[in-house]
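Each remark here refers to the structure printed beneath this line.
The values are calculated or read from the model by the stated rules, or taken from the named source; none is laboratory data. Please read these numbers as outputs of a predicted model, since none were measured by experiment. Neighbour counts run over all protein chains shown; Cβ positions are idealised from the backbone, glycine included.
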Amino acid sequence: MISLLDTADHWVTDWYLVFRDLPAETKQSWFWKFIKPGFEHVEAWRCDRGIWLQVDPCFELVEVHAHEAPPWVLAPAEWNATVLRVQRVVRKGKLREPFFIGPWTCVEIVKAIIGLRAPFVRTPYQLYKALK
């Protein structure tokens, strides 16, 4: 529960994170065997005036789609999806991560969206455990 006093000089974020599996044809690298099933990818969803925005970060680009239904209705069974609501209060004017090494993965982009400072969280499952 977030009070009005918590929001002074802070941003309030409210997102639904969808942790899911990827199609088999996209997993052609050897590192996929180290990723926990059901937590191969993460994307962020948010409802804005009745429209659900899906922010799907990929290695190549970030896709944004608009939907009329929430992710728990639209997610197909083969996604093996887990939906987690994240409500956070993030202090304004604070650098998110002053030092960053590594590729911009789906986890790094979602951490930027929700304002999470967790430099050692690198996989979707680690992000899920950190937020749970």
query = When region 114-130 is examined, which residues are found to be under 15 Å from Phe19 (Cα atoms) and either surrounded by 17 or more Cβ atoms within 10 Å (Cβ to Cβ) or at pLDDT 95 or above (or both)?
reply = Ile114, Val121, Thr123, Pro124, Tyr125, Gln126, Leu127, Tyr128, Lys129, Ala130
task = Pick out the one residue from Gly38, Gly102 that is in contact with a strand residue (DSSP E or B) (Cβ under 9 Å, 6 or more places away or on another chain) and either over 30 Å from Asp9 (Cα atoms) or among the β-branched types (Val, Ile, Thr) (or both).
result = Gly38
ask   = Got at least one residue in region 79-90 being in contact with a Cys (Cβ under 9 Å, 6 or more places away or on another chain) and in contact (Cβ under 8 Å) with a residue 40 or more places away in the chain?
value = no
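Residues checked against (1) under 19 Å from Pro119 (Cα atoms); (2) modelled with pLDDT under 90; (3) in a helix (DSSP H, G or I); (4) hydroxyl-bearing (Ser, Thr, Tyr):
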| site | (1), (2), (3), (4) |
| --- | --- |
| Leu17 | yes, no, no, no |
| Glu25 | no, yes, yes, no |
| Lys36 | no, no, no, no |
| Glu43 | yes, no, no, no |
| Asp56 | no, no, no, no |
| Val64 | no, no, no, no |
| Val73 | no, no, yes, no |
| Lys94 | yes, yes, no, no |
| Pro103 | yes, yes, no, no |
task = Kindly indicate whether Trp52 is surrounded by 14 or more Cβ atoms within 10 Å (Cβ to Cβ), among the aromatic types (Phe, Trp, Tyr) and over 20 Å from Asp21 (Cβ atoms).
result = yes
Residue that is surrounded by the most Cβ atoms within 10 Å (Cβ to Cβ) [pool: residues in region 58-72 that are within 16 Å of Leu17 (Cβ to Cβ) and of a type in the set (A, V, I, L, M)] = Val62
